[in-house]
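First the structure, in the form of structure tokens, and then the observations on it.
Any read-out appearing in this document is the output of simple, stated calculations on the displayed coordinates, not a laboratory observation. Keep in mind that what you see is a predicted model, and the values were worked out from it rather than measured. Cβ placement follows ideal geometry from the backbone for every residue including glycine, while neighbour counts extend to all protein chains displayed.
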Amino acid sequence: MLTTKPVKLYLGAAGYCTHPEFLTLRGGSLRAVPFPAGFACILHPDHGPILLDTGYSSRFFEETARLPNALYRHITPVVYREEDSAVHFLERIGLKATDIRYVILSHFHGDHIAGVRDFPDARFIYLPRAYDAVRSLGSIAAVKAGFLAGLLPDDFIQRSMPINDQPKKWSEMAESRGIAAPERFPWEEVYDIFGDGSLLGVDVSGHAEGMMGLLLRTEQHKYFLCADAVWSSRAFREKRRPHALAGIIMSDRQQYRQNFDKLIQLHQQFPALRIVPSHCQEVLSEWGTGGTGR
């Protein structure tokens, strides 16, 4: 992989929602299963503590107390305790909310942005298309798109650092670093978020417009944090797409299928790479952080 500068990685979740398993995994059971609202804390050697998404917060319930936003809560039942918050998670690893310098937003669904107001000193990094797709939606359309505008701080635009640079070709990045025969990567283009090769953003749109995954490495492992490109590791391991009904909430079903297939290809080409879906309980149980960076 082309990532440089190893980081420390902590994986956690702030609450969870429940869905019938068959919606997210074709052939799955009718029983409701939990899907943790995952986030990641990245300790960067130069840029300090960074969050990828935030999971739920109590503000989610405040924002969904009345119609039409209440439809979100009823369609997607949420279980959350205040001690589950990203802020409390950070305290357990010795960090304060004010230590977070950047929050990278994979996309703007409520279960990924509900905690952003808890980080008053953070700048927000995201693909412009992701925010453009939801910022002007009416109330009903916003709920259908999983977006609750009130979850964002009033100064969100002022604190934003959207990735306006053009993506870089994988092969060109390899050549610039003197790698003669780069490993083939299913996505041809990546975003070099800090310009140093440490965090590489990957457009995995389909579930949501402009959704971004993150490729990075620690001293021990290489990771691809793939956001909601799949809901579980079983999906790409067993090549099981979600039920067709799940397409109702997708921004582009064709893009979703294309990125789903690329994720399968990635897993086959790089079996040692740790692929982290945002809502996978299996991943959280196996690689989630109890107090030490991975």
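Some observations on this one:
- Estimated 222 nm signal from helices in the chain, with DSSP H stretches of n ≥ 4 weighted -39500 (n - 2.57), rounded to 500: -6000 deg cm²/dmol
- Sites listed here are trypsin sites (Lys or Arg not before Pro) in the stretch 19-126 whose DSSP assignment is loop and whose Cβ has at most 14 other Cβ atoms within 10 Å: Arg31, Arg66, Arg81, Lys96.
- Measuring between alpha carbons in the structure, the pairs from Lys169/Lys262; Lys8/Lys262; Lys5/Lys222 lying more than 18 angstrom apart are Lys8/Lys262.
- Rounded to 0.05, the FRET efficiency of the Thr4 and Arg135 pair, given R0 = 45 Å and the Cβ-Cβ distance, is 0.85.
- For the chain, built as a Gaussian network whose Cα springs stay under 10 Å, the top-fluctuating residue of Glu209, Glu238, Glu21: Glu238
- Beta bridges per DSSP with both ends in the stretch 8-287, % antiparallel, nearest 5: 75 percent
- The alpha-carbon of Lys239 sits under 12 angstrom from the alpha-carbons of these aspartates and glutamates, leaving out residues fewer than 8 places away in its chain: Asp261.
- Asn164/Leu30 FRET efficiency (R0 51 Å; Cβ-Cβ; nearest 0.05): 0.70
- Added length on full extension, which subtracts the Cα-Cα distance from 0.36 nm per residue, Asp196 to Asp154: 12.0 nm
- In the elastic network of the chain, a GNM with C-alpha springs shorter than 10 Å, the most mobile of Leu105, Leu148, Leu71 is Leu71.
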